[in-house]
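Asks: Questions regarding the structure given below will be posed in turn.
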Amino acid sequence: MQSRLTFEELHAQIISCVACPRLVEYRQEVARSKKREFREWEYWGRPVPGFGDPRAKLLIIGLAPAAHGANRTGRMFTGDSSGDWLIRALYRAGLASQPTSHHRDDGLVLQNVYLTAVVRCAPPDNRPARDELTRCLAFLGDELALLASVRVVLTLGRIAFGGYLELLRCQGHKVTPLTFRHGGVYEVGPSLPTLVASYHPSRRNTQTGLLTAGMLDAVIGTALTMAG
């Protein structure tokens with residue numbers, strides 16, 4: 001499907017979105033109150049567009065901006081522990097120019113990978129409501145239309161996994177029910193990218209050992225191999 005938009009037009013639409021009152025109120029309040037260690041920052045406090053190589057063969061989909069991560073920095077997977085884990089793994093895989101992701105002007109360049117999320121505003125307790133997620137999926141659909149070279153979609157966590165499958169069904173694809181499992185590989189349709197699932201590199205998952213650096217490296221390696 002060819003997009004009617006350019007990346008610049010899509011990003012402008014995402015950044016200006018005020019469709020979900022609860023999320024608008026929360027992200028703006030976080031930006032006003034701030035976290036003590038970031039009190040000198042001017043928080044982004046708006047929806048966050050995707051980031052990466054527009055010719056990428058690998059698309060990585062997360063849940064949503066972290067309240068004091070991307071909601072602060074304005075770039076996906078930037079400024080929090082989940083971003084630290086993911087960018088280090090992408091650097092080890094040769095997909096990122098540096099192993100750190102601290103702010104949107106830090107010089108990080110991604111090659112052959114694009115990062116996005118199913119929800120573009122930071123949700124309270126990292127839990128978007130069902131209607132908020134569904135409403136936001138249109139932006140992901142527009143990104144997929146622009147990312148014409150994507151061969152593999154890697155979803156991080158159950159919510160991203162379910163959200164991506166919901167988007168495909170909304171687009172008219174006949175996708176059978178699938179069970180999320182870390183490292184799972186799914187062929188969801190003859191004209192669709194291969195789907196690979198991973199645990200999310202959240203602080204909870206990494207600190208408890210549910211997801212290790214080796215596990216994340218392995219699942220990214222699987223996705224890259226399948227992307228060619």
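The values are calculated or read from the model by the stated rules, or taken from the named source; none is laboratory data. Bear in mind that the values here come from a model prediction, so they are computed numbers and not experimental data. Note that each Cβ is placed from the backbone with ideal geometry, even for glycine, and that neighbours are counted across all protein chains shown.
Asks: How many residues are over 19 Å from the mean Cα position of the chain (by Cα) and either buried (at least 17 other Cβ atoms within 10 Å of the Cβ) or at pLDDT below 95 (or both) if we restrict to region 174-185?
Replies: Count: 4.
Asks: Condition test on ALA12, is it surrounded by 14 or more Cβ atoms within 10 Å (Cβ to Cβ) and of a type in the set (Gly, Ala, Ser)?
Replies: no
Asks: Tally time: how many residues in region 187-213 are exposed (fewer than 15 other Cβ atoms within 10 Å of the Cβ), polar (S, T, N, Q) and in a loop (DSSP other than H, G, I, E, B)?
Replies: Qualifying residue count, region 187-213: 2.
Asks: Separate question: Does GLU166 satisfy the condition of being of a type outside the set (Gly, Ala, Ser), farther than 25 Å from ASP80 by Cβ, at pLDDT 95 or above and more than 17 Å from the chain's Cα centre (by Cα)?
Replies: No: the conditions fail for GLU166.
Asks: Within region 88-136, track down each residue that is within 20 Å of LEU154 (Cα to Cα), more than 16 Å from the chain's Cα centre (by Cα) and basic (Lys, Arg).
Replies: The one that is within 20 Å of LEU154 (Cα to Cα), more than 16 Å from the chain's Cα centre (by Cα) and basic (Lys, Arg): ARG92.
Asks: Here's a follow-up. When you look at ARG36, is it under 20 Å from VAL113 (Cα atoms) and either basic (Lys, Arg) or without any contact (Cβ under 8 Å) to a residue 12 or more places away in the chain (or both), yes or no?
Replies: no
Asks: Please go through region 186-210 and pick out each residue that is touching a residue at least 60 places away in the same chain (Cβ under 8 Å) and either in contact with a Ser or Thr (Cβ under 9 Å, 6 or more places away or on another chain) or closer than 15 Å to LEU86 by Cβ (or both).
Replies: Within region 186-210, HIS200, PRO201, SER202, ARG203, THR206 qualify.
Asks: Among all residue pairs at least 6 apart or on different chains, which show Cβ distances below 9 Å where the first residue, located in region 171-185, is within 23 Å of ASP142 (Cα to Cα) and the second is modelled with pLDDT of 95 or more and surrounded by fewer than 12 Cβ atoms within 10 Å (Cβ to Cβ)?
Replies: Qualifying pairs under 9 Å: VAL175/ARG169.
Asks: Still on this structure, I have one more. Is there a residue being surrounded by 16 or more Cβ atoms within 10 Å (Cβ to Cβ), assigned to a helix (DSSP H, G or I) and in contact with a helix residue (DSSP H, G or I) (Cβ under 8 Å, 6 or more places away or on another chain) anywhere in region 98-120?
Replies: The answer is no, given that none of the residues of region 98-120 is surrounded by 16 or more Cβ atoms within 10 Å (Cβ to Cβ), assigned to a helix (DSSP H, G or I) and in contact with a helix residue (DSSP H, G or I) (Cβ under 8 Å, 6 or more places away or on another chain).
Asks: How many residues are surrounded by 20 or more Cβ atoms within 10 Å (Cβ to Cβ) and free of Cβ contacts under 8 Å to residues at least 40 places away in the same chain if we restrict to region 121-153?
Replies: Qualifying residue count for the region: 1.
Asks: Also: Name the residue, out of LEU156, LEU216, that is over 28 Å from ALA138 (Cβ atoms) and buried (at least 22 other Cβ atoms within 10 Å of the Cβ).
Replies: Being over 28 Å from ALA138 (Cβ atoms) and buried (at least 22 other Cβ atoms within 10 Å of the Cβ) holds for just one of LEU156, LEU216, which is LEU216.
Asks: Of the residues in region 28-46, how many are in a helix (DSSP H, G or I) and farther than 15 Å from THR78 by Cβ?
Replies: Number satisfying all stated conditions: 8.
Asks: Determine if region 47-69 includes at least one residue that is part of a helix (DSSP H, G or I), more than 11 Å from the chain's Cα centre (by Cα), modelled with pLDDT of 95 or more and surrounded by 22 or more Cβ atoms within 10 Å (Cβ to Cβ).
Replies: No: zero hits.
Asks: Could we say that ARG4 is part of a loop (DSSP other than H, G, I, E, B), among the basic types (Lys, Arg) and under 19 Å from the mean Cα position of the chain (by Cα) here?
Replies: no
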